[in-house]
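To start, the structure itself, in structure tokens.
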Amino acid sequence: MESIQSHVNNIENNGITIIKNGADIELIDKVVSDFENWSSLEENNFIKFKNERVTNFHLYNENTKSLVTNSYVNNILEILFKKKQAVYSSLYFREGTSQGFHVDTPFFAQIQLISIMVFGML
């Protein structure tokens, strides 16, 4: 793998980096299998959502939590932002939505006890 600093430099200079083999393929397969099992359970009522998406699956599934808390990626983010990172939310899509390329970006502002969150689409 490339050095963490090289990814930070790529993001700072080019706005993007590619992390080759950044996730364990076996772990990804486990997440897919776990999701298939979870979504087939009637009590999860996944059918009513037409299999579109599930939010925050990492809260219910340890394999997904391991995937989204990847230490290599976390190290890149912590160096880039000079802050400890945290997973805010996750979305699991079984299939693509055919949307154009876009980024959903949460912005947080702490003003006394008020939090403001804005989602932007590019």
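The values are calculated or read from the model by the stated rules, or taken from the named source; none is laboratory data. Keep in mind that this is a model prediction, so the values were computed, not measured. Ideal geometry is used to build each Cβ from the backbone, glycine not excepted, and the neighbour counts take in all protein chains shown.
Just a few scattered comments:
- Taking (1) in a helix (DSSP H, G or I); (2) touching a helix residue (DSSP H, G or I) at 6+ places or on another chain (Cβ under 6 Å); (3) within 26 Å of Q99 (Cα to Cα); (4) not small (G, A, S) in turn, T17 satisfies each apart from (1).
- Test for F57: is it modelled with pLDDT under 90, within 22 Å of S98 (Cα to Cα) and under 16 Å from the mean Cα position of the chain (by Cα): yes
- Checked against the criterion of being surrounded by 10 or more Cβ atoms within 10 Å (Cβ to Cβ), under 29 Å from S3 (Cα atoms), modelled with pLDDT of 90 or more and of a type outside the set (K, R), the candidates S90, S66, S33 yield just one match: S66.
- Among the residues examined, I19 qualifies as among the hydrophobic types (A, V, I, L, M, F, W, C), touching a His at 6+ places or on another chain (Cβ under 8 Å) and either at positive phi or modelled with pLDDT of 90 or more (or both).
- Filter result for S6 (among the small types (G, A, S) and farther than 24 Å from S98 by Cα): yes
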